[in-house]
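The structure under discussion appears below in the form of structure tokens.
Every read-out reported here was derived from the displayed coordinates using simple, explicitly stated rules and does not represent laboratory data. Because the structure is a prediction, the values reported are computed rather than measured. Counting neighbours? That spans all protein chains shown, and the Cβs are built from the backbone with ideal geometry, glycine included.
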């Protein structure tokens, strides 16, 4: 952070020297500002006809002098002062007002959004002397709807308000509130936000899925916020006032993260993170985080990293705090290069290397597929929405132990097993990564090696979790992805899973409406109709292959 921030053009050399001398001043911990300092910045502000601001840390040292214009000041980037949950920024902002005006709405917004210790304004009289000093601080439990408290105006000689004790008392109260919402140590705590023009039912379904994603990603959900609008704000997605409310809610709920259900473009990330000190990610980035956690094989890790970097590259214009969940390991500095330029160059170079590595993976997969064709083994691929029960079905059919958990994207790396039917027909059965609504494009590109595995499939088992109230939308999402991948011509069987969680009559009606075979992947005795249907389809496929031979 620069010691002298703002536009100094038009200022005389002696004005700049006087501004720089403010750094030598110290404010005792009980004072919000000393009378002498208030008098001196008021006099200089009156002379240059510009507002002057001071950022003061808790040691009473001036960290930055801000030069504004007649109407206001712009607080510089203060990301080096990180505010943890239950803590304030550790900086107070005291600035002049040219005229007898109190704290403005912008002052109070900056106080809340930046989580400053204190916001103060010194009204400067026509003679250049300080008149009144207006002080405000964040109020965790305000009797009004406002998240801050404005103190009675202070005379310049009454600035001993026990400033440091007041700040510590506020943080104690904030910490107490947060302890009521305490999550596991080291775990992110998030507000989930959806700003949509969709119907309320569709918005609620999408929010429910975002909640499942957050929990699957190891995030503690503090609260969900759903805002329906006729038109989404192109800059902030939501209104500035609503964004301010979110930041304050995060403060009182102990949230360290805001997750948007909608994908944010680079300019929206920049606009939002410029207005709030809370870390912000979107649905796509959350899915990428989950994939990064799940990847076990070298191939999976390559694919996830490629997707992350392709997502990151256009967003490097945003400030670093917004990218902190993706930029680990990327950075450094070279001669004559800014960090941002170096980041971009490194990201592009790494993308090229990853794409080459994945080309080798695709080549190896094609060789494996060719070997299977030589052996005339039918390939059956299990597909479906994430958490539909694909891995559980693979395990029970092949007596395997592929990881199967009740969470989204438990399986990321594909698994293949041999399966022998009662009629002594052998096939290869493959488990694949789960699909999801609006699957990020970067993931689709990065996981093309995995999806191309499906191109070699002779039969698809489309697993559907019929106990999920959103199963119809999930079917549509899976089928849309299959069309996008040009895989919709491959024969498929709909497998209606988790029938044990529904009544018999309900299951029978669903079979009539959407077709397919109903099973419970956890119960082997329910699988015989599915096995018979699979065997029948494989026999038909084998007959077609034999007829097609010259």
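Using a 10 Å cut-off around each Cβ, can you sort 253, 399 from fewest to most neighbouring Cβ atoms? The partial results should precede the final answer.
Numbers: 253 18, 399 9.
Fewest-to-most ranking of 253, 399: 399, 253.
Could you give the radius of gyration (one decimal) and Dmax (whole number) of the Cα atoms in segment 239-280, in Å?
Computed over the Cα atoms of segment 239-280, radius of gyration and Dmax are 9.9, 28 Å.
Calculate, in nm to one decimal, what residue 129 and residue 293 gain on full extension: separation in residues at 0.36 nm each, minus their alpha carbon distance.
Extra length from residue 129 to residue 293 when fully extended: 53.1 nm.
If you stretched the chain out fully between residue 187 and residue 70, how much longer would it get, using 0.36 nm times the residue separation minus the C-alpha to C-alpha distance?
Answer, rounded to one decimal: 37.6 nm.
Kindly provide the Kirkwood hydrodynamic radius of segment 1-85 in Å, to one decimal, from all pairs of distinct alpha carbon atoms. Intermediate results must be reported in sequence, preceding the final value.
Numbers: mean 1/r = 0.0738 Å⁻¹.
This gives a value of 13.5 Å.
Over the Cα atoms of segment 450-544, what Rg and Dmax result, in angstrom?
That works out to 14.1, 39 Å for Rg and Dmax.
For 416, 199, 267, what's the fewest-to-most ordering of other Cβ within 10 Å of each Cβ?
Ordered by Cβ neighbours within 10 Å, fewest first: 199, 267, 416.
How big is the equivalent ellipsoid of segment 189-290 along its three axes, where each semi-axis is √(5λ) from the Cα gyration tensor, reported in whole Å from largest to smallest?
For segment 189-290, the semi-axes come out at 18, 17, 13 Å.
If we count other beta carbons within 10 Å of each Cβ, what is the order of 195, 507, 304, fewest first?
In order of increasing Cβ crowding within 10 Å: 507, 195, 304.
May I ask you to compute the full-extension gain from residue 377 to residue 234, defined as 0.36 nm times their residue separation minus their alpha-carbon distance, rounded to one decimal in nm?
46.2 nm
Taking every DSSP beta bridge that has both residues in segment 4-179, what percent is antiparallel when rounded to the nearest 5?
Around 70 percent of the beta bridges assigned by DSSP in segment 4-179 are antiparallel ones.
How large is the direction-averaged shadow of the alpha-carbon convex hull of segment 4-179, in nm²?
Averaging across all directions leaves 9.6 nm² for the Cα convex hull.
What share of the DSSP beta bridges in segment 189-290 is antiparallel, in percent to the nearest 5? Intermediate values should be presented prior to the final figure.
Values: 1 of 17 bridges.
Of all bridge pairs located within segment 189-290, approximately 5 percent are antiparallel.
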